[in-house]
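Written out below as structure tokens is the structure these notes cover.
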Amino acid sequence: MEQRRADTIAKELEELIFDGTFSDGDRLDEVRLAEQFGVSRTPLREALQRLSRSGLVELIPRRGAFVRQPGPVELMEMFEVMAEIEAVCGRLGAMRISDAALAELRDANVKCQAAIDAQDPDTYYAENERFHLIIYQQSGNSFLSSEAAALHRRLKPFRRQQLRLRGRMAQSMTEHKEIVEALEQGKPERAANILRDHVAIQGERFHSLMATLKTVAE
């Protein structure tokens, strides 16, 4: 129960950071937040730990938790690396993926489509995350899979946020179908290229994402 509550608190704190309620450098007071969420400090601290792992919060010993937003250059660099890592996972996965994993990817896509129909970006993200983790695992390289999952967690708040951009869920769904097709057909370079483009945020998409964060930077 406390784990689920920590998940909920972490998501709510993400929203408060993204909507500008908490700005870069603000201290997150544990006592006040525990009262605000109506919980003990245990699930709150777990939520702060999760945000720390994603980089939205910095935990400083004997000082507390502070909001930390990456700047546009750092964020762009992280997405650039994530895109290349996913491309490698896709390339290897096209050569190694199992029939059972392909079935799981198709199931994730069915649930992603249901989330689009319901206009539910949170459910879409959960299934989208599952989709990508399957591909990491099917690379057949445990070190690569671990590194990919770690950076995925680091970028989780921003990947979630970009799904709220107009038309992004539908575009993402189209790309998911193309990824599965490339994996089914055993086409390593096509899978790599689609995954790279799927994850990279360039041009208008990047500016749109940064616009959603502008209140935090001000």
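The values are calculated or read from the model by the stated rules, or taken from the named source; none is laboratory data. Values in this document were obtained by computation on a predicted structure and should not be read as measured data. With ideal geometry, Cβ positions are generated from the backbone for all residues, glycine too; neighbour counts draw on all protein chains shown. The area values use the complete protein model at the heavy-atom level, side chains included, leaving out ligands, DNA and RNA. Shrake-Rupley method; radii C 1.70, N 1.55, O 1.52, S 1.80 Å.
Need pairs with beta-carbon distance below 6 Å; first residue touching a residue at least 12 places away in the same chain (Cβ under 8 Å) and under 20 Å from ARG196 (Cβ atoms) and within the range 149-173, second outside any helix (DSSP H, G or I) and not polar (S, T, N, Q); sequence gap 6+ or separate chains.
ARG154/GLY55; MET169/LEU163
Of the residues ALA87, ALA114, ALA192, which is aliphatic (A, V, I, L, M), closer than 27 Å to THR8 by Cβ and part of a helix (DSSP H, G or I)? Talk me through it step by step, then tell me what you get.
Details: ALA87 fails: closer than 27 Å to THR8 by Cβ; ALA192 fails: closer than 27 Å to THR8 by Cβ.
When all the criteria are applied, what remains is ALA114.
Return the residues of the range 52-70 that are touching a residue at least 24 places away in the same chain (Cβ under 8 Å), open to solvent by less than 40 Å² (accessible area, probe 1.4 Å) and either at negative phi or among the β-branched types (Val, Ile, Thr) (or both); say none if nothing qualifies.
Passing the criteria: SER54, LEU56, VAL57, ALA65, PHE66, VAL67, GLN69.
In this structure, is LEU16 open to solvent by 20 Å² or more (accessible area, probe 1.4 Å), among the hydrophobic types (A, V, I, L, M, F, W, C) and in a strand (DSSP E or B)?
no
In the range 136-189, which residues are closer than 22 Å to MET78 by Cβ, open to solvent by 60 Å² or more (accessible area, probe 1.4 Å) and acidic (Asp, Glu)?
Answer for the range 136-189, where residues must be closer than 22 Å to MET78 by Cβ, open to solvent by 60 Å² or more (accessible area, probe 1.4 Å) and acidic (Asp, Glu): just GLU147.
Listed residues ALA10, ALA6, ALA34; which is touching a Lys or Arg at 6+ places or on another chain (Cβ under 8 Å), assigned to a helix (DSSP H, G or I), free of Cβ contacts under 8 Å to residues at least 24 places away in the same chain and open to solvent by less than 70 Å² (accessible area, probe 1.4 Å)? Step through it out loud before you land on a result.
Values: ALA10 fails: free of Cβ contacts under 8 Å to residues at least 24 places away in the same chain; ALA6 fails: free of Cβ contacts under 8 Å to residues at least 24 places away in the same chain.
Going through ALA10, ALA6, ALA34 in turn, the sole match is ALA34.
Which pairs turn up if I take residues in the range 83-112 that are more than 23 Å from THR123 (Cβ to Cβ) and without any contact (Cβ under 8 Å) to a residue 60 or more places away in the chain and look for partners that are of a type outside the set (Asp, Glu) and open to solvent by less than 50 Å² (accessible area, probe 1.4 Å) with beta carbon separation below 9 Å, at least 6 apart in sequence or on another chain?
ARG96/GLN138; ARG96/SER139; SER98/GLN138
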